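J.: Handing you this structure, nothing more for now.
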Amino acid sequence: MFGDGGNESISCESCQQTKLLRGVYAAGVQRNPTVTAADIARLAGVGRAAVSNWRKRHADFPTPVGGTVASPEFDLAQVEAWLRSQGKLPTLSTEDRLWRHLVAAGDNQAATLAAVGAFLLARQRGETPPIEPDDPRLAELLGEVAALADKRGAPATFDELWRHLSEPGAGLARATPDDLADLMVGLADVGGGSLLDPACGTGGGLHAAVRAGCTAVYGQELDEQAAELAGLWLALRNINGGVRAGDSLRADAFPDLAVDAVICHPPFGQTNWGQEELAHDPRWEYGLPPRTEPELAWLQHCLAHLRPDGYAVLLMPPAVAGRRAGRRIRSELLRNGAFRCVIALPARAAAPHGVPLHLWVLQRPAPDASPPANVLFIDAAGVIDGDLTAAYAEVLKAFREYAVNPNATVEEPGFAWTVPTIKLLGDDVDLTPARQQPASGTAETSEKLARTRERLTALVAELPQLLPETGARRNGAAAPLAVPVAELAKLGALQFIGPIRSTAAVDRDGTAGGAADERRVLTVQDVLDGQNASGRQEGGLTPEVVVQAGDVVVPMMARKLAARVVGADGALLGDGLYLLRPDPAVLDPWFLAGQLRTSTNERQASSLSGTPRFDVRRAQIPRLPLPDQRRYAEVFRQLDLFNKALRDVTSVGAELVQLTADGLASGTLHPAVYDAD
């Protein structure tokens, strides 16, 4: 986009700016600026209900000039005149008034701001703006933009308009709050060096880097309009670096770039991040990220761009710290000395605001450097009513003291503490701060109970976001023809294997007699729990099958029919499991797994006697084109995530019950006493 502090010329972007500006001007030719009822409420500083009351009670309230019955639009000039006559129009700054008129001139706020930014950049460089408007009203708007830029400077003018765009509800997704972006840059300790943000959005993190004194700033963003805005911001300040549009994981725009620091607020939970096509990518130094762990792909992408000893700071959903699918990569990060710190943030620190997110701080190990003895944990999640700025200052202070000597012991009860790296390398490699709290030697306190209650509240708040939306089938639409799994195998749509038989039991701890096979085995319980292979095989398996990513595994005996899509290669298929290996050219694995575990197929495949024994070959799968299958597959994936979240809620809820019971029994908690008055 705009790069190297203005040293690169704007290539085809100027054509795009011309198009955007023409759109703004054309909008003005067609109609006067209009506003919705919600815009009027913001203009007057009242609630939406007040605007509805004005319309009902005042006969002279402006009549709609467009929109729909449900969402009418009003002439902005008429609305301003009416509000002024009623004494309801607050005094607006020049910037506020200009922004409202610019918004009314176009349907897309980001595109409008990008067009204005291109206009400002051209004026600042002494170039002719992309086009000259011929509509008098719009010429006056750009004249106001120019006048404000002459008074405050082009960068400050763009900043002020960008502030309006970044306000909640203005249409920007995944914007990192300024105070949190400043904290991330502070933790990265980049000073006057170079920084990369590979998921930069509209550039909030890049702004923080420039505020901190970075001399070269790079960004990449999938959303082209967001990337354009970020690039304009840098170009207006003549900052070295640049912003490119594109998918950082699939098409890295800076493949050879090594920087002093990386910050990243990656998109959360996007399982379609390119795991299959990137399976052999050299960035996966610490292991191939499972399909369900996209955040660990972003993490390794960040590390790949770091110079030795450089820091990477990522905003992460809390589940990444403990999900079993990512434990191998977490283990390798610890063993190789790349992991430094996990910080539990308050729930309102960033969207989604009901979830207490984590910050992960990593450092690219220098050649031949010894791994640090300790990892730092900071728990700021308990900051509910306090000042976030003050809390972030304490977080930054604690980390910087640790960074001076990562082998030293830190003990600030309830806030910051170190854990020896060797202690974290257990079966789960759980890096959740709340689960690594040092033992106090006494019964659980009310403080820990409050934190657990907060975790439960956050998890419950996340559930509605995970539940996929569906719609009823259109009336008269015929149901697709269903085909048995056995027939699909005959047609070559899938390979059917199993059930597997074992000559000895699978021991999760590997303690049974006999020569243990070091390879992990996927067990029935692993499938039911939705976790990675956890068993070890004592003896032989017949046949011996190595599972592959995209395989669908089904237990032969279980209380309910279960089907799971395998996320990674390498484990052995365990005792009592069927394996269905679909041909990806004709059958989507998530579509297959989702259809298998329906109630109809449970009845179809069950023996209906005693503990259900399933013959999955009898299950029926609808015949749909692959594009249709993939639409269903996305919903089944989302249902799987929702189901996992429900299990987490159950687990944390049980922990809360246990903590409460233990506290009551030990006397550290007591029933709340209410004053009768």
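J.: Please determine, by comparing only the residues of segment 397-416 that are in a helix (DSSP H, G or I) and crowded, with 17+ Cβ neighbours inside 10 Å, which one is nearest to the chain's Cα centre (by Cα).
T.: Looking at the filtered set, the residue picked out is F399.
J.: Considering every residue within segment 601-616, establish whether at least one is out of contact with any Lys or Arg (no Cβ under 9 Å at 6 or more places or on another chain), assigned to a helix (DSSP H, G or I), more than 18 Å from A489 (Cβ to Cβ) and without any contact (Cβ under 8 Å) to a residue 60 or more places away in the chain.
T.: yes
J.: Going by the conditions given, is Y311 in a loop (DSSP other than H, G, I, E, B) and of a type in the set (F, W, Y)?
T.: Spelling it out, it is not the case that Y311 is in a loop (DSSP other than H, G, I, E, B) and of a type in the set (F, W, Y).
J.: Still on this model: What do you reckon, is R603 open to solvent by 70 Å² or more (accessible area, probe 1.4 Å) and either closer than 19 Å to V527 by Cβ or under 33 Å from the mean Cα position of the chain (by Cα) (or both)?
T.: Values: open to solvent by 70 Å² or more (accessible area, probe 1.4 Å): yes; either closer than 19 Å to V527 by Cβ or under 33 Å from the mean Cα position of the chain (by Cα) (or both): no.
Here the answer is no, as R603 does not meet what is asked.
J.: Here is a further query. For P584, work out the one condition from (1) modelled with pLDDT under 90; (2) in contact with a strand residue (DSSP E or B) (Cβ under 9 Å, 6 or more places away or on another chain) it doesn't fulfil.
T.: Failed condition: (2).
J.: Does R435 satisfy being of a type in the set (D, E, K, R), open to solvent by 30 Å² or more (accessible area, probe 1.4 Å) and touching an Asp or Glu at 6+ places or on another chain (Cβ under 8 Å)?
T.: No.
J.: Among the listed residues A347, A312, A230, A297, which satisfies the condition of being within 16 Å of the chain's Cα centre (by Cα), surrounded by 24 or more Cβ atoms within 10 Å (Cβ to Cβ) and in contact (Cβ under 8 Å) with a residue 24 or more places away in the chain? Spell out the reasoning first.
T.: Details: A347 fails: surrounded by 24 or more Cβ atoms within 10 Å (Cβ to Cβ); A312 fails: within 16 Å of the chain's Cα centre (by Cα); A230 fails: within 16 Å of the chain's Cα centre (by Cα).
None of the other options fit; the residue is A297.
J.: Looking at (1) of a type in the set (A, V, I, L, M); (2) modelled with pLDDT of 85 or more; (3) assigned to a helix (DSSP H, G or I), which is the one condition that is false for V419?
T.: Among (1) of a type in the set (A, V, I, L, M); (2) modelled with pLDDT of 85 or more; (3) assigned to a helix (DSSP H, G or I), V419 violates only (3).
J.: What is the residue count in segment 176-192 for residues that are open to solvent by 10 Å² or more (accessible area, probe 1.4 Å) and in contact with a His (Cβ under 8 Å, 6 or more places away or on another chain)?
T.: Qualifying residue count, segment 176-192: 2.
J.: On to the next question. Mind listing just one residue for me: the one in segment 259-277 that is modelled with pLDDT of 95 or more and under 21 Å from E332 (Cβ atoms) and, of those, surrounded by the fewest Cβ atoms within 10 Å (Cβ to Cβ)?
T.: Among residues in segment 259-277 that are modelled with pLDDT of 95 or more and under 21 Å from E332 (Cβ atoms), the one surrounded by the fewest Cβ atoms within 10 Å (Cβ to Cβ) is C264.
J.: On to the next question. Look through segment 98-136, keep the residues that are among the polar types (S, T, N, Q) and at pLDDT 75 or above, and return whichever of them is nearest to the chain's Cα centre (by Cα).
T.: Initially, segment 98-136 is screened for residues among the polar types (S, T, N, Q), giving 108-109, 112, 124, 128.
Then keep just the ones that are at pLDDT 75 or above; that gives 112, 124.
Values: T112: 27, Q124: 36 Å.
If we take residues in segment 98-136 being among the polar types (S, T, N, Q) and at pLDDT 75 or above, then T112 is nearest to the chain's Cα centre (by Cα).
J.: Right, another one. Which residue pairs have Cβ atoms under 8 Å apart, sit 6 or more places apart or on different chains, and have a first residue in segment 387-407 that is in contact (Cβ under 8 Å) with a residue 24 or more places away in the chain and a second that is β-branched (V, I, T) and outside any helix (DSSP H, G or I)?
T.: If the second residue must be β-branched (V, I, T) and outside any helix (DSSP H, G or I), the pairs left are A391/V383; V395/I343; V395/I378; F399/I343; F399/V361; F399/I378; Y402/V410; Y402/T418.
J.: Also: For segment 647-677, which positions are surrounded by 14 or more Cβ atoms within 10 Å (Cβ to Cβ) and either part of a loop (DSSP other than H, G, I, E, B) or at pLDDT 75 or above (or both)?
T.: The answer is D648, V649, V652, G653, E655, L656, L659, T660, T668, L669.
J.: Say we look at segment 69-99 and pick out the residues that are part of a strand (DSSP E or B) and acidic (D, E); which of these is nearest to A156 (Cα to Cα)?
T.: D75
J.: Do you know which residues across segment 33-87 are among the β-branched types (V, I, T) and either farther than 18 Å from R97 by Cβ or open to solvent by 50 Å² or more (accessible area, probe 1.4 Å) (or both)?
T.: V46, V51, T63, V65, T68, V69
J.: Among the residues of segment 422-432, which ones are in a helix (DSSP H, G or I) and either open to solvent by less than 40 Å² (accessible area, probe 1.4 Å) or touching a Leu at 6+ places or on another chain (Cβ under 7 Å) (or both)?
T.: The answer is L424, and nothing else.
J.: Residue by residue through segment 284-317, note down the ones that are of a type in the set (K, R) and over 30 Å from V404 (Cβ atoms).
T.: R291
J.: Mind telling me which of the residues A482, A472, A477 ends up being under 19 Å from D588 (Cα atoms) and either open to solvent by 40 Å² or more (accessible area, probe 1.4 Å) or modelled with pLDDT under 85 (or both)?
T.: A482
J.: Going by the conditions given, is Q270 under 30 Å from L456 (Cβ atoms), polar (S, T, N, Q) and either touching a residue at least 12 places away in the same chain (Cβ under 8 Å) or out of contact with any helix residue (DSSP H, G or I) (no Cβ under 6 Å at 6 or more places or on another chain) (or both)?
T.: When the stated conditions are applied, Q270 passes them.
J.: Between L249, L206, L195, which is without any contact (Cβ under 8 Å) to a residue 40 or more places away in the chain, under 30 Å from A319 (Cβ atoms) and open to solvent by less than 30 Å² (accessible area, probe 1.4 Å)?
T.: L206
J.: Here is a further query. Pull up segment 627-637, narrow it to residues that are open to solvent by 40 Å² or more (accessible area, probe 1.4 Å) and touching a Gly at 6+ places or on another chain (Cβ under 9 Å), then point me to the one that is nearest to L463 (Cα to Cα).
T.: Going through segment 627-637, the residues open to solvent by 40 Å² or more (accessible area, probe 1.4 Å) turn out to be 627-628, 630-632, 634-635.
Restricting the remaining residues to those that are touching a Gly at 6+ places or on another chain (Cβ under 9 Å) gives 632, 635.
Working: Y632: 20, V635: 15 Å.
The extreme case among them is V635.
J.: Please identify the pairs in which a residue from segment 110-130 that is closer than 16 Å to E224 by Cα has its Cβ atom under 6 Å from the Cβ atom of a residue that is polar (S, T, N, Q) and open to solvent by 50 Å² or more (accessible area, probe 1.4 Å), counting only partners at least 6 apart or on another chain.
T.: Filtered contacts from segment 110-130: A110/Q225.
J.: Out of the residues in segment 542-552 that are aliphatic (A, V, I, L, M) and modelled with pLDDT under 90, state the one that is surrounded by the most Cβ atoms within 10 Å (Cβ to Cβ).
T.: V547
The values are calculated or read from the model by the stated rules, or taken from the named source; none is laboratory data. All figures in this text were calculated on a predicted structure; none of them were measured in a lab. With ideal geometry, Cβ positions are generated from the backbone for all residues, glycine too; neighbour counts draw on all protein chains shown. With ligands, DNA and RNA removed, areas are computed over all heavy atoms of the protein, side chains included. Shrake-Rupley method; radii C 1.70, N 1.55, O 1.52, S 1.80 Å.
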